[in-house]
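Pasting in a structure now, in C-alpha cells, and then I'll have a few things to ask.
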Amino acid sequence: MMNKKMMWAACLVALVMTTGCGKDTPPEPKPQPGPDTTKTVTPDPEPAPQIGEKIVLNSGQMCLIETTVKNPDGMSGSSYLQLTNNLSGSIDNSKGIQIAFAGMISVIDNYIFVLPTGMGKDAEFKVRRYTYDPKTQTMGDLKTIDVPAGATPYNVQKVSADKMYMPNYSLGNVWVMNPTTLQKTGEIDLKQYAYKDASPEPSLGILRGDRYFLTLDQIGSNYMPYEERRQVEVAVIDPKTDKVLKVITENSKKIAFPTRPFYKDMIFTDEQGDIYIACAGYFGYNPKYRENGFVCIPAGKDEFDASRTWEISGVTIEGSKFKSSAILNCKYLGNGKVVAFVAILELNGTNPYTSKSAMAVIMDLKAKTIKRIVGVPMTDGHSTAIETQGNLVLLGAFGEKQAGLFTYNPATGKAGLSLSTVGNLSFMHIFGK
C-alpha cells in the first residue's frame, strides 16, 4: 500500500493536482462534477499558428531543457534532460539524458539537481547532481546522495555559498546541506506546524534579507487543502540559526496552496522588496472552491498584508470567455507584470492529465487585470514552463497543432512558436545570463 505522501508524489509527478487520488489506489484524477463540467464546453477559438521571434543566446550561454514524452494515459512516459544553444527550429531527445518521468529539476549556480520522484528510475530515492561546465558547455560529474523513502524533495534552494535548503515535502522537515559536498549539516523540523497529520508539506521558499520565508501547502487525505483551513501559511526562518521564528497566516480571501514546489518563480520579490506568493487553490478541479491568486508580505515585514491579497477567480481574462481557477506557474517580469499559466476548470475534459486546460496570460498586479497571450496555445499540465531571455518571455506549451518553446514579447504583445520539441517542454534554465 502506498502511503499518503507517496501517493501525493505520484500526483505531483504528472504535474497536475487532482481530487481523485485515493489512499489505497493509484492516482486517477476525476474532477468533481459541477455546473461547469457536466456539459461539453467549447474552448476559445485558437488563432492561426504564428512563428515566434528568434531567441538569441550569446557564446557564453546554454539552455537546459527537460522534455517529457507521455504515454496515452498522460500519467506515465519518459523524460529527458539536455543542453542546447539553438532555440529555433526543432529538437529531439536523441542527445538527452533519460531521467524519471516528469523528474523535478532545480539549479543552483552551475549545479543541476534531479530530485527523486520515487517512481521508475528514481525508485532508489537518490538526489542526483550534475555539474554544468561553462568552459565546455556540458554537464557531467554526476554525484548522488540517498534520501529517505517517501521524502519527496521537490526542490533545493540556495541560502548562501555553502548552504542550501532541501524541503522534504512528505517528511515535514528541511535538510540543511552543503551544495558542493552534498553533506547534510542540519535539519529544520516542521512537524509541529502540521494540521491533522505528520507534515505541513514544506513547499517553496525565498530568502529576503535576514529571513527565509517557506510556504507550507497543508494538504489533507484527498491531497487538496483542508476545506476548513483554506488559507496560506508561511514559516519564517532565521537562516543563520535555521530556527523557525513563527508561522504566519493569511485567510481573508480563502486562497490556499501557496506555490507548486517545483516551480521556483511562484514566490518572488518586486522592485520594492515586497514578497508575492502565487497560490493554486484547488487546481481547478473543484467548482466549489475556485479561489486562487496572490498574497503579499510587504518589504520590511514578516506578516501578510491582507489588503494586498488579490483573489482572481472572478477577474475577466481579456480575450477569453473563461476565468482562472488556479495559477499553475508564473514569473515576475517587473513593473507589476507577471506572466503565468492559469487553469480553466471548464476545459478539464475526461482526462485532466492530457486535457488542454492551461492558458498563458499576462497579469498586472497594479491594475488588477489579466489578458490572454494570443499565439501560445492551450496546453496540458506537463507543459507550463516559463523563462526569460533578453526582452522575450519563453513558454513551454503542448498545443493541438504546435508543441515546444514559444516566445512572447511583452512590448509588442506578439507570440509564436520558436522551437518544436518531441514531447512536452516542462523545464527551462539558461546558464550564463
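The values are calculated or read from the model by the stated rules, or taken from the named source; none is laboratory data. Worth saying up front: this structure is predicted, and the values here are computed from it rather than measured. Using ideal geometry, Cβ is built from the backbone for each residue, glycine included, and neighbour counts are taken over all protein chains shown. These accessible areas exclude ligands, DNA and RNA; they are computed on the full protein's heavy atoms, side chains included. Shrake-Rupley method; radii C 1.70, N 1.55, O 1.52, S 1.80 Å.
Using beta carbons and a limit of 6 Å, which pairs, at least six apart or on different chains, have the first residue in region 399-410 and at pLDDT 95 or above and the second one in a strand (DSSP E or B) and open to solvent by 30 Å² or more (accessible area, probe 1.4 Å)?
G404/S420
For every residue, the table says whether it meets (1) farther than 14 Å from P202 by Cβ; (2) not hydrophobic (A, V, I, L, M, F, W, C).
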| position | (1), (2) |
| --- | --- |
| N110 | yes, yes |
| M139 | yes, no |
| Y165 | no, yes |
| T185 | yes, yes |
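Just the residues that are among the charged types (D, E, K, R) and either part of a strand (DSSP E or B) or in contact (Cβ under 8 Å) with a residue 60 or more places away in the chain (or both), please, taken from region 305-315.
Once the filter is applied, which keeps residues that are among the charged types (D, E, K, R) and either part of a strand (DSSP E or B) or in contact (Cβ under 8 Å) with a residue 60 or more places away in the chain (or both), region 305-315 yields only E311.
I'm trying to understand the selection: among the residues of region 258-282, which are part of a loop (DSSP other than H, G, I, E, B) and touching a residue at least 60 places away in the same chain (Cβ under 8 Å)?
Matches in region 258-282: R260, P261, F262, Y263, D270, E271, G273, A280, Y282.
Can you tell me which condition V234 does not meet? The list is (1) touching a Leu at 6+ places or on another chain (Cβ under 8 Å); (2) part of a helix (DSSP H, G or I), and all the others hold.
Only one criterion in (1) touching a Leu at 6+ places or on another chain (Cβ under 8 Å); (2) part of a helix (DSSP H, G or I) is unmet by V234, namely (2).
Something else: For region 210-223, what are the residues that are surrounded by fewer than 24 Cβ atoms within 10 Å (Cβ to Cβ), in a loop (DSSP other than H, G, I, E, B) and within 24 Å of the chain's Cα centre (by Cα)?
Residues satisfying the conditions are G220, S221, N222.
Condition check ((1) assigned to a strand (DSSP E or B); (2) modelled with pLDDT under 95; (3) among the aliphatic types (A, V, I, L, M); (4) on the phi > 0 side of the Ramachandran plot) across all residues:
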residue	(1), (2), (3), (4)
D141	yes, yes, no, yes
P148	no, yes, no, no
M166	yes, no, yes, no
T180	no, no, no, no
Y195	no, no, no, no
G205	yes, no, no, no
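Here is a follow-up. Six or more apart or on different chains, Cβ under 7 Å: which pairs go from a residue in region 283-304 that's in a loop (DSSP other than H, G, I, E, B) to one that's aromatic (F, W, Y)? Could you list them?
Once the first residue is in a loop (DSSP other than H, G, I, E, B) and sits in region 283-304, its partners that are aromatic (F, W, Y) give Y289/Y282.
Does region 117-126 include one or more residues that are basic (K, R) and modelled with pLDDT of 95 or more?
no
Tally the residues that are touching a Ser or Thr at 6+ places or on another chain (Cβ under 6 Å), part of a loop (DSSP other than H, G, I, E, B) and at pLDDT 95 or above, restricting the search to region 71-86.
0
For region 237-257, enumerate the residues that are part of a strand (DSSP E or B), more than 15 Å from I188 (Cβ to Cβ) and hydrophobic (A, V, I, L, M, F, W, C).
The one that is part of a strand (DSSP E or B), more than 15 Å from I188 (Cβ to Cβ) and hydrophobic (A, V, I, L, M, F, W, C): I248.
Taking the stated definitions as given, is T407 in a loop (DSSP other than H, G, I, E, B) and either open to solvent by 10 Å² or more (accessible area, probe 1.4 Å) or not acidic (D, E) (or both)?
no
Listed residues F101, F113; which is under 30 Å from I237 (Cα atoms), among the aromatic types (F, W, Y) and either out of contact with any Gly (no Cβ under 9 Å at 6 or more places or on another chain) or outside any strand (DSSP E or B) (or both)?
Criteria check complete, one pass: F113.
So the check is Cβ under 6 Å with 6+ separation or different chains; which pairs have a first residue in region 39-63 that's within 21 Å of G416 (Cβ to Cβ) and a second one that's open to solvent by 80 Å² or more (accessible area, probe 1.4 Å)?
Once the first residue is within 21 Å of G416 (Cβ to Cβ) and sits in region 39-63, its partners that are open to solvent by 80 Å² or more (accessible area, probe 1.4 Å) give P47/V374; P49/K401; L57/N85.
Now, a different point. Are any residues in region 400-410 in contact with a Ser or Thr (Cβ under 7 Å, 6 or more places away or on another chain) and within 21 Å of I370 (Cα to Cα), and if so, which ones?
Listed by number, the residues that qualify are F406, T407.
Please go through region 235-251 and pick out each residue that is open to solvent by less than 70 Å² (accessible area, probe 1.4 Å) and of a type in the set (D, E, K, R).
Result: D238, D242, K246, E250.
With the requirement that a residue be among the acidic types (D, E) and in contact with a Leu (Cβ under 9 Å, 6 or more places away or on another chain), what does region 300-344 give you?
Matches in region 300-344: D302 only.
Hey, among T144, T185, T117, which residue is of a type in the set (V, I, T), open to solvent by 50 Å² or more (accessible area, probe 1.4 Å) and farther than 19 Å from K243 by Cα?
Answer to the selection: T144.
Return the pairs, sorted by first residue and then second, in which the second residue is assigned to a strand (DSSP E or B) and open to solvent by 10 Å² or more (accessible area, probe 1.4 Å), the first residue lies in region 413-433 and is under 14 Å from Y132 (Cβ atoms) and at pLDDT below 95, the beta carbons are less than 9 Å apart, and the residues are 6+ apart or on different chains.
K433/T388; K433/Q389
Return the only residue of K433, K356, K337, K371 being surrounded by fewer than 20 Cβ atoms within 10 Å (Cβ to Cβ), within 20 Å of the chain's Cα centre (by Cα) and basic (K, R).
Result: K337 is the single residue among K433, K356, K337, K371 that is surrounded by fewer than 20 Cβ atoms within 10 Å (Cβ to Cβ), within 20 Å of the chain's Cα centre (by Cα) and basic (K, R).
F341: touching a residue at least 60 places away in the same chain (Cβ under 8 Å) and either in a strand (DSSP E or B) or of a type in the set (F, W, Y) (or both), yes or no?
no
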